[in-house]
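Heads up: the structure comes next, in structure tokens.
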Amino acid sequence: MLTAIDTPTREVRSLDGLWRFAVDHDNDGVERRLFADTLPGTREVAVPASVNDLFADENVRNHVGYWFYQRTVRVPRGWDGEQILVRFGSATHHAIVWAGDVEVGRHSGGYLPFEVDVTDHVTAGEEFRLTVAVDNRLDKTCIPPGWVTQTPDGRRQQHYLHDFYNYTGLHRSVELVARPRRHVEDVTVTTELDGTVTWDVTAPEGLTVSIAVVDKQTGETVARGEGARGSATIDNPTLWTPGVGGMYDLEITLRDDAAVVDVYLQPFGVRTVRVDGHRLLINDKPFYFTGFGMHEDHETLGKGHSDAHMIQDFELLSWIGANSLRTSHYPYSEQIMDYCDAHGIVVIDETPAVGLNWMMSGGILDSDGGTTYSAENVNDKTQASHAREIRELIARDKNRPSVVIWSIANEPDSVDPEARTYFEPLVELARECDPTRPVGFVNVMMAPHDKCVISDLFDVIMLNRYYGWYFQSGDLTSAEALFTEELQGWVDRYGKPIIITEYGADTVAGLHSIYHQPFTEDYQVEYLAMNSRVFDSFDAVIGEQMWNFADFQTKYGFARVDGNKKGAFTRDRRPKAAARYLRDRWLGMDSAAYGRRDPLAD
Ligand code: GCB
């Protein structure tokens with residue numbers, strides 16, 4: 001899906017700000033036609049933001065079902081004759097949208113954008129009532145999956161197997177968009193290191209397509225071409241480089257004879273990525289990942305996007321020597337992805353397929369029993385949603401140079417032989433949608449190399465390992481030996497690049513001990529040092545992404561004290577001792593020099 005941008009033929013108006021708001025406690029608001037009038041009550045809500053932490057009312061925070069948003073929108077008077085859309089950066093997890101009394105669209109999938117066409121229901125220069133019902137319920141047809149139960153006194157409770165709070169709301173910007181009725185519908189850009197740029201534009205028949213390649217830094221046109229499909233070469237191209245960036249625009253002009261019908265600018269970078277033996281090459285140079293699995297998670301905002309918080313997070317990533325991140329465990333906002341493109345941050349881009357694992361139960365997780373791949377749990381409908389998420393993610397991010405690996409799932413059950421039947425078509429789909437990038441999934445500790453039945457389907461091995469935390473807790477000596485032994489097994493069996501996508505230890509900021517005592521800052525540092533020794537002993541380990549960048553909110557549970565505390569930073573972004581440990585390590589690593597951002601360069 002293309003982003004909404006202002007061009008000579010397109011216009012965008014932000015609909016962010018305060019919206020009217022009503023919690024649909026009985027989940028009958030659609031039948032009661034709440035959209036057909038001004039919402040009852042006086043509550044307002046911020047867009048973008050999660051709703052959960054905004055209200056001093058537990059019945060709001062814990063509501064399971066529909067939440068109604070509404071605002072009045074004036075359509076600019078110059079928009080007569082245009083196609084008019086409302087574009088949502090995300091609505092977590094499902095949305096129904098009405099313009100006035102008319103339903104204009106529905107979407108499922110809480111972390112990807114969608115647009116609804118309101119052209120036939122609005123008038124240029126006039127106002128209309130825009131209502132959105134956001135539904136936070138997860139069931140077994142969803143990605144991520146979940147299920148809802150009812151307590152004897154009639155309260156609904158949402159259950160899920162992933163370890164982050166089920167924040168809900170309009171988490172990203174909402175925009176009113178005008179574009180020509182005949183317009184650029186899609187474009188795919190691929191590049192080669194010699195500066196060859198190849199494009200494939202989807203546009204209505206009968207229009208001519210002209211292409212200009214514009215250097216974003218200088219504004220100069222550096223190549224031109226004609227036709228919906230074609231290629232051109234940039235002389236002396238600036239390669240998109242980890243730690244630096246380097247972006248171009250593909251300016252697409254559609255014409256009907258001489259008349260300009262539409263202009264769209266697609267940002268892209270000239271870079272290649274490929275796997276070669278146990279290395280991952282960006283622009284034919286081996287890349288070593290330093291960084292984190294992250295979360296979109298902040299106090300008050302929940303999963304709501306904020307530019308200020310985003311910049312703070314990227315500044316901290318730069319300070320600590322991180323050159324990469326994984327969008328654990330769902331696609332991040334387009335603003336975050338734009339920032340990664342612009343500043344050269346390397347991304348492992350993940351679908352929201354998390355918690356597809358009924359073999360883990362107890363502790364923080366609360367499986368309702370049964371096997372993972374079965375009619376009652378992860379079934380054909382789950383797989384169809386998973387396929388849709390892969391398609392929509394790649395459609396959104398395929399032209400982003402920052403994205404170097406698609407991660408199609410986090411810690412699914414990959415021991416059950418049925419995992420193969422489930423994943424084989426999804427891997428094929430990812431490769432069909434994008435033949436240019438490696439495809440991976442993130443493997444759980446209970447599925448080591450001799451038990452995992454799907455790792456051979458993928459280009460890279462991505463491992464989450466908690467030796468010394470969930471296992472051998474407090475005994476780093478045994479942990480080191482066992483981790484080393486397991487990694488050797490992966491190296492021998494697959495000969496593929498290995499990225500450690502999670503390793504971490506919950507740590508309460510301010511807690512110290514001279515002993516190897518879990519939860520102390522000292523233990524987190526010792527734990528990281530042990531992991532580092534193990535990584536450094538394998539050439540095939542080509543990256544380390546510590547879990548997690550910052551403490552984050554989770555559902556309630558005895559293993560979580562106000563959330564997950566594995567952050568290198570606290571939730572309000574203060575460094576723990578671990579942050580200084582990682583900074584010393586990552587800024588001093590020769591192998592990670594390619595891609596390190598120089599904070600002073602900005
Ligand atoms: C994992 C999960 C992550 C959890 C983490 C933990 O393996 O991928 O979502 O938050 O472990 O801290 O338990």
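Every read-out reported here was derived from the displayed coordinates using simple, explicitly stated rules and does not represent laboratory data. Quick caveat: nothing in here was measured; it's all calculated off a predicted structure. Glycine also receives a Cβ, built like all others from the backbone with ideal geometry; neighbour counts cover every protein chain displayed.
Worth pointing out:
- Every Cα-Cα pair of region 355-459 was included, and the share exceeding 16 Å stands at 58 percent.
- Cα-Cα pairs of the chain separated by more than 31 Å (percent): 51
- The percentage of C-alpha pairs in region 11-179 whose separation is greater than 22 Å is 42%.
- Spatially proximal aspartates and glutamates relative to residue 285 (Cα-Cα < 13 Å; intrachain offsets below 8 disregarded): 276
- Whichever aspartates and glutamates have a C-alpha closer than 14 Å to that of residue 398, once near sequence neighbours (fewer than 8 apart) are set aside: 186, 200, 334, 338, 341, 349, 350, 389, 432, 434
- If you wrap region 509-602 in the convex hull of its Cα atoms and look at it from every side, the mean projected area works out to 7.9 nm².
- Our coupling estimate for region 15-23, obtained by passing each phi through the Karplus curve with A = 6.51, B = -1.76, C = 1.60 and θ = phi - 60°, is 10, 6, x, 8, 10, 5, 8, 9, 8 Hz, Gly and Pro reported as x.
- Cα-based Rg and Dmax for region 186-268, where Dmax is the largest Cα-Cα distance (Å): 12.9, 44
- Inter-part distance where region 84-121 and region 467-504 are each reduced to a Cα centre, Å: 45
- Helical content alone sets the calculated 222 nm signal of the chain at -6000 deg cm²/dmol, taking -39,500 (n - 2.57) per DSSP H segment of four or more residues and averaging over every residue.
- Sites excluded, trypsin sites (Lys or Arg not before Pro) in DSSP loops with at most 15 other C-beta within 10 Å, longest stretch of the chain: 182-450
- Rounded Å value of the spacing that divides the Cα centres of region 215-285 and region 351-413: 32
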